[in-house]
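Encoded as structure tokens, here's the structure I'll be asking about.
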Amino acid sequence: MLEKEEINSPALEDLKKHYRSIITLLGEDAEREGLLKTPERVAKAMLTLTKGYHMDPHEVLRSAKFQEEYSQMVIVKDIDFFSLCEHHMLPFYGKAHVAYIPNGYITGLSKIARVVDIFSHRLQVQERMTLQIKECIQETLNPLGVMVVVEAKHMCMQMRGVEKQNSVTTTSDFTGAFNQAKTREEFMNLIRQR
Ligand SMILES: [Zn+2]
């Protein structure tokens, strides 16, 4: 499915060459029929999975920023994401939950999910991705507070047999009104409701 996407990166040809070398270095025959088109497929897949480098999440929020007097907590929970850990370039994936308390401005709910999508389509560590989502919303909407919780499974741990195979890593970060334990609790209770 990935290779059907139109990818016009100037890096494509070089990536194909390098992935062909990698296949050879791993001990395979890069000329084997099943592998002939693999360097191209992998190159295109990697370009797709890192397309977030060419997108501006601040602009996504700015383009859908509306004046609004609503000042209760806005929550977008269970945002599915897939990312690549920058240490092993293996997937980590899970759910992001975002809450903010507007201070005169709101944004489209789908835009919050877009922000998660853009930051996750880069080489990441879960901690930094959590912080970047938080900062992007804080800087763009200037809310009274924002909180981000990310729950993820890391293939680099699961596939390599490091630690518990099914462990979920949770990270969180917040600003402003979420410094109050009571406000954080309200958010945590709401995202735990299934
Ligand atoms: Zn890793």
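The values are calculated or read from the model by the stated rules, or taken from the named source; none is laboratory data. Computed from a predicted structure; not experimentally measured. We place every Cβ from the backbone using ideal geometry, glycine too, and count neighbours over all the protein chains shown.
Consider ASP14 carefully, then state whether it is loosely packed, with under 15 Cβ neighbours inside 10 Å and either within 20 Å of the chain's Cα centre (by Cα) or within 16 Å of the ligand (Cβ to nearest atom) (or both).
no
Do any helices (runs of 4 or more DSSP H) lying entirely in region 105-194 carry at least 1 residues that are hydroxyl-bearing (Ser, Thr, Tyr), and which ones are they?
109-120, 126-141, 181-192
Identify all residues within region 38-55 that are polar (S, T, N, Q) and more than 20 Å from PHE81 (Cα to Cα); write none if there are none. Give the derivation first.
Going residue by residue through region 38-55, those that are polar (S, T, N, Q) are 38, 48, 50.
THR38, the sole residue that qualifies.
Can you pull out every residue in region 100-128 that is acidic (Asp, Glu) and within 16 Å of the ligand (Cβ to nearest atom)?
Scanning region 100-128 gives a single hit, GLU127.
Can we say LEU141 is assigned by the TED database to the domain that holds SER83, surrounded by fewer than 20 Cβ atoms within 10 Å (Cβ to Cβ) and within 26 Å of GLU59 (Cα to Cα)?
no
Go through region 141-155 and give me each residue that's of a type outside the set (A, V, I, L, M) and within 18 Å of the chain's Cα centre (by Cα).
Within region 141-155, GLU151, LYS153, HIS154 qualify.
Another question, if that's okay. So, in region 101-125, of the ones that are touching a helix residue (DSSP H, G or I) at 6+ places or on another chain (Cβ under 6 Å) and hydroxyl-bearing (Ser, Thr, Tyr), which residue ends up farthest from CYS136 (Cα to Cα)?
TYR105
Has region 155-169 got at least one residue that is buried (at least 19 other Cβ atoms within 10 Å of the Cβ) and within 16 Å of the ligand (Cβ to nearest atom)?
Scanning region 155-169, I find at least one residue that is buried (at least 19 other Cβ atoms within 10 Å of the Cβ) and within 16 Å of the ligand (Cβ to nearest atom), so the answer is yes.
Can you give me the number of residues within region 55-99 that are in contact with a strand residue (DSSP E or B) (Cβ under 8 Å, 6 or more places away or on another chain), over 18 Å from GLU151 (Cα atoms) and away from the ligand (no atom under 16 Å from the Cβ)?
Residues flagged as in contact with a strand residue (DSSP E or B) (Cβ under 8 Å, 6 or more places away or on another chain), over 18 Å from GLU151 (Cα atoms) and away from the ligand (no atom under 16 Å from the Cβ) within region 55-99 amount to 11.
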